Amino acid sequence: MTAQTDPLVAELTRKLVDALGLDLDPETVDPAAPLVGAGLGIDSIDMLELVVLIEKDYGVKIDNRAAGVEAFASLGALAAFIRQRRPASPA
Amino acid sequence: MSQPVPVFVTGIGVVCAGANDVGELRRQLAHPVGRFQIPTVFPVKHPSGELPAAQVVLPAGTDKPDLPRTHHLAFLAARQAVAGGPPPDAIVVGTTTGGIATTEAALEAGIVSPEAYRHHGLDTVALHLADAFAVRGPVLTVSTACSSATVALSIATKLLRAGLAKRVLAGGADCLSRLTFHGFRQLQLVAPEGCMPMDANRTGMTVGEGAGFLVLELGSDERPALAVLSGTGLSCDAHHATRPHPEGTGAALAMRRALADAGLEPAAIGYVNLHGTGTPDNDAAEARAVRQVFAEAQPPLSSTKGLTGHALAAAGGIEAVISILALRDGLLPANIGLTTLDETLDLSPLRVPMTAHVSAVLSNSFGFGGNNACVVFEKAPSPIPPAHGVERGRSPAGDAGVPALRIAAAACLTARGGLDETWAALLAGESPVGLVPDTAFAKAAPAAFVRRLRRLPRLMLALAQTVQSANGRTVPPGAIVAGTAWGPLAETQDFLRKLFESGDQFSSPMDFVGSVHNAPAGQIALLLGCQAPNLTCSAGQRSFGQALLCGSLEIASGADSALVVAAEAFEPKLSPLFEPALAASRLLSDGGAAFLLVPDDNAPGARLRWLGEAADGLVLLDRIIENTPYDAVMLAAPAGQEAKLEPIRSRLARTVSPERIVPYPDRLGQHASIAAAATAIAARAVAAGVLPLAAPPVSLARRRLLLVEIGPRSTVFEVFA
């Protein structure tokens, strides 16, 4: 599945680029690529920024190392992590 | 290096969780009781904030509702330290919070009167102490996050050694605030069960508060010495904005520098008070650093943050007091909070308090920005040498003080752009007043490097990069010293706004990391790969003057150069609240300047010399203008306070003609770091032989300018060629 076909991945990609001030086109981010160590230059502070963003926007906590490893494996993995755990959506 | 000059500790004072004075702290260290509590000094509005903190409990009726808590805690500890001795003549305070707790409440209540924010500036803590103890000399404020108090001790020591003071009150103070409490929580650095330094199951720190102060002097007949402060060492990791270098290289460097300053081998140290916050990263990095420095011969060591919590800027002051108690009473405290030792650390912290005679101790403090500071105390000789070195306290304008430095490179940023553009505008009779255009600092560093940075760190990086690259210099400077009155305001504003909007549930970890006053200087160190001492001074309009003084002290202590930078970044909501000068001026402005300073040599170019800071500007000027003829005097007072200039003007008029007394803020811009930009213009002016700031421009036959700043205290420095 690509960013274009999964709306949650596309949304997360836009938020990631915006929140972390990344100088790249969201369309070019590979949803299967690892978030860390794949040339995005993301570090521990970025991860914490994403943790807060995901809890605030989706009600999903990432509060231990194992959850972090699972959630931040890739943007696709992050979307799956959120879908599994998000509270029943009012929308 | 010559024989180190000993500095005597003649007074100590402390307030921290569990202890409101030195006696209570000593009892707690011998028999620790009690742990931490959910904070009550501010409302905890969301269950996610129900985490323990190390809160000071003041006796009923002794709090001061009209005074910010940091100021009051500082006073309570400082009062103990100065009791029974003559008043200090200088103060150095380390703080990160200043009046933030009061500001938070006022902002949330929507108060828009600047009066409500008059205690916001970090400097107001030291000014409060200066008032309380009638201190006439320099009153300095340093903010290097969690190493602040130990850096303050280092600066105080250098002030004494330079003969700029006889008796310095130095230490640190911070109070619990929503900014720090929720900031560390959002960084996932707060331990839900309270901190357990060096424990295998440690999960983080406990945010605390308090104050710790020492009185330091070169000798005294008045009070017996409690200890000798024999050395300090500063370094910067230049590795990451918040995480320590995993190998602890910066920390080890600071420890080694402190030992070298004291003239001691590691084997002489009988106890180490660890920084030991209880975060997984800090304790692991510090353990590596300790093993590098001490190898197989580890002295007894412990972190005492399991008792005091992490009092941030105050931590080094509180732990200095604990270290002095170890020397004086032979009480080596236990590593409180430790249950299951983390064997991977390969350290053996004290499990119970130990009684032992020790002759030297080391105390570690490390902070955000990779700012490391260490201090060595030794047992005081008994009796101490009579009035040792007291005659070293010489007048600021006498032959002592700090040396003149050559300006190897200068840069400034104004509404016109850089120094060349600003100078050309002044020559053409055009005004450089206003906000710095983004294009003037856009290319400071690679886009990936600055992507998370807001206006102040970008301004400072651009200024630093300009002076560093000016002479094709490839080695990093021997010290980096920043000055900023207000720090990174955009980051502070956004952090608090998001926190308030979410009912104290969420805010941005990135903004918290960026909001500390020393974040920009840490970024400069990262960009330049500079592990040298890294300081940030924050003292209102005196921030640049204090950065210049601290840079000069580092060079006097052996640094081959100092990069001194001062800047302010305008923030639409907070700047007008914090800085009445901005509200009073017609045009908003920001920017600043940077200088690469080297010891005076025979090379051509302008020289810059810090001459003094004092409560009374007239006393300072009398000593200076009678000895040295100046072409002109550049004069500054905050907008709306120009009346304060009149007595200074009439005194100057005895030796300088009126058209050569040039008030500059309304011609260069009204912001707290405008003195830095004025100094860059002055350096260009003495080289060109003309000062275009004057109307009409005046020629500079002697090529010598005096700069005078009037405010709560006065600062004087000179530029000559």
Check your understanding: At what distance in angstrom do the alpha carbon centres of the range B:662-721 and the range B:478-495 lie from each other?
Key -> 24
Revision key, fill the gap. Both in Å, the radius of gyration and Dmax of the C-alpha trace of the protein assembly as shown are 25.9, 83
Point to revise | Calculated from backbone phi, Karplus (6.51, -1.76, 1.60) coupling profile of the range B:576-590 in Hz, x at Gly/Pro | key: x, 6, 7, 10, x, 4, 5, 5, 7, 8, 7, 10, 5, 8, 7
Revision key, fill the gap. Note, the range B:614-619: 3J(HN,Hα) by Karplus (6.51, -1.76, 1.60, θ = phi - 60°), whole Hz, Gly/Pro = x, goes 8, 5, 10, x, 5, 4
Review point. With every protein chain present, what accessible area does B:Asp601 have (1.4 Å probe, heavy atoms only), rounded to the nearest 10 Å²?
Key: 60
Review point. Across the range B:166-183, in residue order, what do the Karplus-derived ³J(HN,Hα) couplings come to in whole Hz, using 6.51 cos²θ - 1.76 cosθ + 1.60 with θ = phi - 60° and x for Gly and Pro?
Key: 9, 8, 10, 8, 9, x, x, 8, 8, 10, 5, 9, 5, 4, 6, 4, 6, x
Check your understanding: Which FRET efficiency, nearest 0.05, do B:Arg451 and B:Lys573 yield, Cβ-Cβ r, R0 25 Å?
Key -> 0.60
Study note, to complete from the structure: With label points set 7 Å from each Cα along the Cα-to-Cβ direction at B:Asn201 and B:Arg649, the distance between them in nm comes to 7.1
Review point. Across peptide A:43-50, what mean number of C-beta atoms from other chains lies inside 10 Å of a residue's C-beta?
Key: 6
Check your understanding: Per 10 Å bin, what percent of the C-alpha pairs of chain B does each bin hold, from zero upward?
Key -> 3, 17, 28, 27, 17, 7, 1, 0
Review point. If you line up the long axis of helix B:674-688 against the longest principal axis of chain B, both from Cα atoms, how many degrees apart are they, to the nearest 10?
Key: 50
Practice item. Could you give the C-alpha radius of gyration of the range B:416-484 expressed as a fraction of 2.2 N^0.38 Å, taking N as the number of residues it contains? Key: 1.25
Revision key, fill the gap. Mean Cβ-within-10 Å packing, highest first, puts peptides B:293-303, B:124-134 in the order B:124-134, B:293-303
Check your understanding: For the range A:7-85, what's the relative contact order in percent, using C-alpha pairs closer than 8 Å and at least 6 residues apart?
Key -> 35
Point to revise | Built amide H within the under 5 Å cut-off of B:Asp600, gap 5+ | key: B:Arg406
Review point. Mean separation of Cα pairs under 8 Å and 6+ residues apart, divided by the residue count of chain B: what relative contact order is that in percent?
Key: 15
**Study point:** Per-residue average of Cβ from other chains inside 10 Å of B:503-512
**Key:** 4
Review point. Across peptide B:179-188, what mean number of C-beta atoms from other chains lies inside 10 Å of a residue's C-beta?
Key: 2
Check your understanding: Nearest 20 debye, what's the magnitude of the dipole of the range B:481-587 about its Cα centre given +1 on Lys and Arg Cβ and -1 on Asp and Glu Cβ?
Key -> 220
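The values are calculated or read from the model by the stated rules, or taken from the named source; none is laboratory data. Predicted model only: the values in this text are computed from it and were never measured. Heads up, the Cβs are rebuilt from the backbone with ideal geometry, glycines too, and the neighbour counts pull from every protein chain shown. Quick note on the areas: whole protein, heavy atoms, side chains included, nothing else; ligands and nucleic acids left out. Shrake-Rupley method; radii C 1.70, N 1.55, O 1.52, S 1.80 Å.
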